[in-house]
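Trainee: Sharing a structure with you now.
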Amino acid sequence: MIIWLASYPKSGNTWVRTIINQIIFNDVKSKTEVFDNLSRIRRYPSKTDIVGLPQLPNHNVFTRDQKKEVIDFTIKNWSVSQEKINKNNKTNILKTHNLLCKLNLDGKNYSFADLNNTIGVIHIVRDPRNIVTSVKNHFSISTEEDSVEMLLNKYNWTGLSNNEVPQLLSSWGNHYNSWKKFPKNYLLIRYEDLVLDIKKEILKLINYLSGYFEYKITDKLIEEIERNTSFENFKKLESDGKFSENSVNDTTGEKRTFFNLGPNNNWEKMLKKENIDKIETQFNNEMKELGYL
């Protein structure tokens with residue numbers, strides 16, 4: 001069965017993946033090896049899951065019908081591909097940015113995840129005001145306003161421009177509200193709590209995962225996980241070429257910086273007031289619920 005690491009992009013999913021990788025695989029290595037074998041907790045959906053995905057023309061030159069063909073093919077293969085993953089009779093932890101949704105195609109409903117294939121969810125969230133500059137860098141978005149519009153877009157799909165398997169993000173608010181409703185074995189992790197007291201969040205993850213995996217954890221191992229997963233260490237390893245999951249600029253072909261600002265991302269100093277107001281108005285209820293307002 002699947003445990004999802006679900007988050008809107010740039011909310012701390014890779015941080016949590018790295019922590020979990022060390023917990024469940026007893027894989028506490030030196031600071032320089034922390035990204036080794038991170039692919040054991042891989043992204044879903046990928047092309048190994050959605051086999052036979054139709055290809056789009058390069059450089060974003062595709063029609064609405066071509067886009068629909070790729071999206072529809074992906075949707076129709078969500079459940080089938082997850083059933084295939086679960087044939088290994090193991091607990092499978094998968095990262096996703098997809099909305100938890102049920103969509104109707106040709107009179108038939110298709111769910112992204114359900115209790116037939118999913119045993120639990122670790123839901124990672126971050127203040128949307130601090131996501132703006134992060135997605136701007138990650139997706140090479142031209143302006144702050146366009147980044148805000150990405151968070152507000154209820155119909156936002158990613159992955160189409162570079163022939164990856166598309167993921168439905170929807171808006172930040174829709175994304176948060178969809179996953180928080182998962183009815184079984186749900187754990188919420190806030191990015192801000194990782195920054196404030198990472199040991200406390202590591203202990204929450206250890207307790208949650210102990211229901212599915214066997215491992216021995218000591219205080220020394222927890223200290224090593226804290227040390228290995230600091231943002232400073234992540235950033236250094238990326239600069240040393242030891243992180244392989246960077247996105248690529250479609251125009252220049254250059255790798256984008258993945259660990260950009262991290263805990264130093266301060267929306268109060270970086271965002272325009274009109275953009276702050278737009279986010280706080282649109283996501284007022286969700287941000288109050290999460291303690292961001």
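Trainee: Out of (1) out of contact with any helix residue (DSSP H, G or I) (no Cβ under 8 Å at 6 or more places or on another chain); (2) at pLDDT 95 or above, what's the single condition that is false for Leu100?
Mentor: Only one criterion is unmet by Leu100, namely (1).
Trainee: Given Asn26, Asn21, Asn13, which one is among the polar types (S, T, N, Q), at positive phi and modelled with pLDDT under 95?
Mentor: Working: Asn21 fails: at positive phi; Asn13 fails: at positive phi.
Selected residue: Asn26, the only one of Asn26, Asn21, Asn13 that is among the polar types (S, T, N, Q), at positive phi and modelled with pLDDT under 95.
Trainee: Out of region 192-203, which residues are in a helix (DSSP H, G or I) and open to solvent by 60 Å² or more (accessible area, probe 1.4 Å)?
Mentor: Within region 192-203, the subset in a helix (DSSP H, G or I) is 192-196, 198-203.
Scanning region 192-203 gives Val195, Leu196, Lys199, Lys200, Leu203.
Trainee: Also, I was wondering about something else. Would you tally the residues in region 162-176 being among the acidic types (Asp, Glu) and modelled with pLDDT of 95 or more? Walk me through it before giving the result.
Mentor: Keep residues of region 162-176 that are among the acidic types (Asp, Glu), which gives 164.
Next, only the ones that are modelled with pLDDT of 95 or more stay: none.
Total satisfying the criteria: 0.
Trainee: Continuing with the same structure: Given the conditions (1) modelled with pLDDT under 65; (2) over 21 Å from Ile19 (Cβ atoms); (3) surrounded by fewer than 14 Cβ atoms within 10 Å (Cβ to Cβ), and given that Ser244 satisfies all but one, which numbered condition is not satisfied?
Mentor: Condition not satisfied by Ser244: (2).
Trainee: Turning to a different aspect of this structure: Can you find even one residue in region 129-141 that is modelled with pLDDT under 95, on the phi > 0 side of the Ramachandran plot and polar (S, T, N, Q)?
Mentor: yes
Trainee: Can you name the number of the only condition in (1) at pLDDT 95 or above; (2) within 18 Å of Ile50 (Cβ to Cβ); (3) out of contact with any Asp or Glu (no Cβ under 7 Å at 6 or more places or on another chain) that Gly159 fails?
Mentor: Of everything listed in (1) at pLDDT 95 or above; (2) within 18 Å of Ile50 (Cβ to Cβ); (3) out of contact with any Asp or Glu (no Cβ under 7 Å at 6 or more places or on another chain), Gly159 misses just condition (1).
Trainee: Just to verify a result, which residue in region 164-188, among those that are in a loop (DSSP other than H, G, I, E, B) and of a type in the set (D, E, K, R), is least open to solvent (accessible area, probe 1.4 Å)?
Mentor: From region 164-188, those in a loop (DSSP other than H, G, I, E, B) are 164-166, 169-171, 181-185; that's our starting set.
From what's left, of a type in the set (D, E, K, R): 164, 181, 184.
Working: Glu164: 70, Lys181: 146, Lys184: 92 Å².
So, considering only residues that are in a loop (DSSP other than H, G, I, E, B) and of a type in the set (D, E, K, R), the one least open to solvent (accessible area, probe 1.4 Å) is Glu164.
Trainee: How about region 142-163: which of its residues are touching a residue at least 40 places away in the same chain (Cβ under 8 Å) and either touching a Ser or Thr at 6+ places or on another chain (Cβ under 7 Å) or open to solvent by less than 70 Å² (accessible area, probe 1.4 Å) (or both)? Step through it out loud before you land on a result.
Mentor: Here is the first cut: in region 142-163, the residues touching a residue at least 40 places away in the same chain (Cβ under 8 Å) are 144-145, 148, 151-152, 157-158, 160-163.
Across region 142-163, the qualifying residues are Glu144, Glu145, Val148, Leu151, Leu152, Trp157, Thr158, Leu160, Ser161, Asn163.
Trainee: When you go through (1) open to solvent by 60 Å² or more (accessible area, probe 1.4 Å); (2) outside any helix (DSSP H, G or I) one by one for Pro54, which number turns out not to apply?
Mentor: Exception for Pro54: condition (1).
The values are calculated or read from the model by the stated rules, or taken from the named source; none is laboratory data. Here the structure is a predicted model, which is why all the values come from computation and not from measurement. A quick note on method: Cβ atoms are made from the backbone with ideal geometry, for glycine too, and the neighbour counts reach across all protein chains shown. SASA here: full protein model, heavy atoms, side chains in, ligands and nucleic acids out. Shrake-Rupley method; radii C 1.70, N 1.55, O 1.52, S 1.80 Å.
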